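Below: the structure, in C-alpha cells.
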Amino acid sequence: MSALYTIWLRDLTRFLRNRSRIFTSLAQPLLYLAIFGSGLSGLLSGTAPLGGVSFTAFVYPGVIGLTIMFTALFTAISVVYDREFGFLKEVLVSPAPRLAVALGKVASGTTIALLQGVLTLPLAWLLGLPLTLGQVAVLLGIMAVLAAVCTALGLLVSTRLRGIEGYNVIINFLMMPLFLLSGALFPLAGLPVWMNILVRVNPMAYATDALRQVALAGAAEPGFLAASRLHPVGVDVLVLVGFFVVFIVPAVRAFSKPE
C-alpha cells in the first residue's frame, strides 16, 4: 500500500507543480467548446433537433470526456519517461510489489484526469445547464470511471513501447477515432451499420452517452435523451468497468515481466 501511495503522490505532486500543464488542460475544453460549439452551431441550426438545447450544450458532455481522455492518456506517458531516465528500473528492482507500482500509476493518472475534468464542470452554468448537487455527484462518478479506463489504456500502450516518440504517435492515432466515434458531436441513433459497430467497441461512446444523459437531464427534452442514448446510465458504467478490466489486466501482467 505504501508503494502505491508513494507512486500516486509523486505523480500528483509533479502535476501540481507544472502550472503550464494545468493552464493548457483548462484552456483546451474552452477551445473545443468555442470551435465545435460556436463554429458548428450556426451551420447545424435547424437541421436536426437537439431536444431544446443549444448545439454547444449538446457538445459539452463530449468535451468533458475529451478532456479526461486527453489528460489520462498523456499522464500514462510518465511510464515511458520513468523507463528512459532509469527511475522505473530502480522501482522495479526494489521490494515494492509490481502490482502496487502499476496500480499506483493508474491511481495517479485517474486522479489527475479527474481533477482536470472537475475544472470543466463550472462551464455547465455558462451554457445554461444548472446542475443540481445530485447531477454533479453522478457526473463525478462517471468521470472517475472514465479516467480509470483511459489511464489503464495509456498504461497498456506505455508498457509495450520503449520510446516517447512511439508513444506519442500511437496515442495521437488512437485519440481522434476515440473522440470522433464517441457521439460527442452527433446523436448516436440512426448511424450506418459500420459506424454503429465501431461505436459499440469505443469506450468513449459509453462515457459520452452517460455524461450527456446526466448533464442534460432537466434541460433537454426527456424524449430526445431516451431516443438518442445507447443505454441507461447504469449499463454504460458497467460497460466502462468491463473496458477497464480488459485494459488493466494485460498492463499489470506486462509490469510483472522482468525487463
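Observations
- Filtered residue count, the range 162-176, keeping only those that are open to solvent by 40 Å² or more (accessible area, probe 1.4 Å) and either farther than 26 Å from R253 by Cβ or part of a loop (DSSP other than H, G, I, E, B) (or both): 2
- Scanning the range 7-38 for residues that are closer than 30 Å to P95 by Cβ and of a type in the set (D, E, K, R) turns up R10, D11, R14, R17.
- Residue within the range 86-94 that is within 12 Å of the chain's Cα centre (by Cα) and of a type in the set (V, I, T) present: no
- Every pair of residues 6+ apart whose Cβ atoms lie under 6 Å, when the first sits in the range 110-121 and is at negative phi while the second is open to solvent by 50 Å² or more (accessible area, probe 1.4 Å): L119/L26
- Residues that are closer than 16 Å to V118 by Cα and of a type in the set (A, V, I, L, M) were ranked within the range 19-32; the one that is surrounded by the most Cβ atoms within 10 Å (Cβ to Cβ) is I22.
- Test result for G52, among the small types (G, A, S), modelled with pLDDT of 75 or more and under 23 Å from N172 (Cβ atoms): no
- Taking the range 209-235 as the range and being of a type outside the set (A, V, I, L, M) and either open to solvent by 40 Å² or more (accessible area, probe 1.4 Å) or at pLDDT 95 or above (or both) as the test, the residues that pass are G218, E221, P222, G223, R229, H231, P232, G234.
Residues are listed down the side, and each one gets a yes or a no for (1) surrounded by fewer than 18 Cβ atoms within 10 Å (Cβ to Cβ); (2) part of a loop (DSSP other than H, G, I, E, B):
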residue	(1), (2)
V101	no, no
V106	no, no
T110	no, no
Q116	no, no
A124	no, no
G128	yes, yes
V136	yes, no
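- For the range 217-259, the candidate set comprises residues that are in a loop (DSSP other than H, G, I, E, B) and touching a helix residue (DSSP H, G or I) at 6+ places or on another chain (Cβ under 6 Å); within that set, the residue that is nearest to A102 (Cα to Cα) is L230.
The values are calculated or read from the model by the stated rules, or taken from the named source; none is laboratory data. The shown structure was predicted, so the numbers you read here are calculated from the model rather than taken from an experiment. We place every Cβ from the backbone using ideal geometry, glycine too, and count neighbours over all the protein chains shown. Quick note on the areas: whole protein, heavy atoms, side chains included, nothing else; ligands and nucleic acids left out. Shrake-Rupley method; radii C 1.70, N 1.55, O 1.52, S 1.80 Å.
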